[in-house]
Ligand code: ATP
Ligand code: MG
Ligand code: FE
């Protein structure tokens, strides 16, 4: 089964050809990051326009890199939510047009299901059930993957997503956009114990997260330094902030691992490419005797190969969408529309 997958939910225009859900024949990603850096974040209107400009080229290259034509493709999978509505619409319209013209089935895929499924690509032996920590620009979820396409959300963020916190703190300490990779890098030169930032606990659900208090604590610290005329140590602030995020993510994850007696733990989403988080979870999992799975960094951030992996399992389940498939900006995980 060959899936042509398309992803355009945020600021990456991407297409891929994936064989049987796990073998990537091509993976083309056009990142708009440079364009949005100018504005300190993703500008939805600009993202949509750029997707329109790039999508045909990206799809054509994905087919060419995989040495196949539309005739060879079994089905077309596309991210239809969640994400920016104008951005999603470009991919959805492209996928519908291709599927209709080539007379192939159309499969709408949940973006976060895609992030989780990125784990299947490099770990051929990974099968549900397992636990997955999803940490991206817009989501922080602790998920029980019960079967392919079947999820139970154990906990989620009450306010900011982890990636959002990285991006906001990076901006505040003058690192610019996108913040995650920059904080990851400068933290290597900082002392993670230099400043003690708060680790939020949520009373009524131990698996829920909250990162806005931490973000405020960093901003207050920066204001305090400015008022006292003290120069901040960028690397120390970055490392201390990152340590607070990583500690909370690891603690919640390991609580869930113990409570649900799982033997497999995976991570997904852009923040899953954070080197400090990967190292901390690797060692925590090994202490618990749990096998740890993580996609390569390029498969953690937005890409279409992960949509091809998720789309394959949806295909096997018999999921097919009609020509009325629409973008669903707030689509819930496990929900099918
Ligand atoms: P979502 O998937 O929730 O819809 P998104 O698609 O915008 O949001 P992703 O592409 O999965 O998010 O991830 C982007 C986020 O990951 C950004 O917030 C970015 O700062 C963060 N990120 C990327 N690399 C790193 C890193 N090395 N360390 C920490 N955060 C990172
Ligand atoms: Mg992105
Ligand atoms: Fe994403």
At q = 0.09, 0.20, 0.21 Å⁻¹, what is the base-10 log of I(q)/I(0) for the stretch 1-104 according to the Debye formula with one equal point scatterer per Cα and no solvent? Please give it to two decimals. -0.21, -0.94, -1.01
Distance from the Cα centre of the stretch 323-337 to that of the stretch 97-175, in angstrom? 15 Å
Within a Gaussian network of the chain (alpha carbon springs, distance under 10 Å), most fluctuating of 97, 305, 239: 97
Convex hull (Cα only) mean projected area of the stretch 55-174, reported in nm² to one decimal: 10.0 nm²
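Just the C-alpha atoms of the chain: what Rg/Rh do they give, with Rh taken as the Kirkwood radius? Don't skip to the answer; put the middle values down first.
Details: Rg = 20.0 Å, Rh = 20.3 Å.
So for the chain, dividing Rg by the Kirkwood Rh gives 0.99.
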Please determine, in degrees from 0 to 90 and to the nearest 10, the orientation of helix 162-172 with respect to the longest principal axis defined by the Cα atoms of the chain, where the helix direction is its Cα long axis. 60 degrees
Ordered by fewest other Cβ atoms within 10 Å, a rough proxy for footprinting exposure, 157, 37, 13, 69 read 69, 37, 157, 13
When a footprinting reagent is the concern and you count Cβ atoms within 10 Å, what order do 293, 166 take, fewest first? 293, 166
Paramagnetic reach from residue 258 in the stretch 268-283 [backbone N under 19 Å; point 7 Å along Cα→Cβ]: 280-283
Take every DSSP beta bridge with both residues inside the chain and express the antiparallel ones as a percent of the total, to the nearest 5. 60 percent
At 7 Å along the Cα-to-beta-carbon direction for both residue 212 and residue 171, put a label point, then send me their distance in nm to one decimal. 1.5 nm
Between residue 188 and residue 316, what FRET efficiency follows from the Cβ-Cβ distance if R0 is 35 Å, with the result rounded to 0.05? 0.25
Given the options 309, 203, 102, which has the most mean-square fluctuation in a GNM of the chain, springs set between C-alpha atoms less than 10 angstrom apart? 203
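Given the C-alpha atoms of the stretch 187-337, compute the convex hull and give its volume per residue in Å³.
171 Å³
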Descending semi-axes in whole angstrom, ellipsoid equivalent of the stretch 196-264, from the Cα gyration tensor: 31, 13, 6
Give me the Kirkwood hydrodynamic radius of the stretch 49-90 in Å, from all C-alpha pairs, to one decimal place? 11.8 Å
Rounded tilt (10° steps) of 111-122 against the dominant C-alpha axis of the chain: 80 degrees
Tell me, in nm to one decimal, what length is gained between residue 72 and residue 35 on full extension, where the rule is 0.36 nm per residue of separation less the Cα-Cα distance? 9.9 nm
Quick one: go through the stretch 127-148 and flag any residue whose amide nitrogen is under 20 Å from the point 7 Å out along the Cα-to-Cβ line of residue 158. 134-136, 138-143
Between 0 and 90°, nearest 10: helix 275-288 axis offset from the chain longest Cα axis: 90 degrees
Under a 10 Å cutoff between Cα atoms, tell me which one of 252, 261, 115 has the largest fluctuation in the Gaussian network model of the chain. 261
With every atom except the alpha carbons ignored, what do you get for Rg and Dmax of the stretch 125-269, in angstroms? 16.4, 56
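Bear in mind these aren't lab numbers, they're just calculated from the coordinates by the rules spelled out. Keep in mind it's a predicted model, so treat the numbers as computed, not measured. Glycine also receives a Cβ, built like all others from the backbone with ideal geometry; neighbour counts cover every protein chain displayed.
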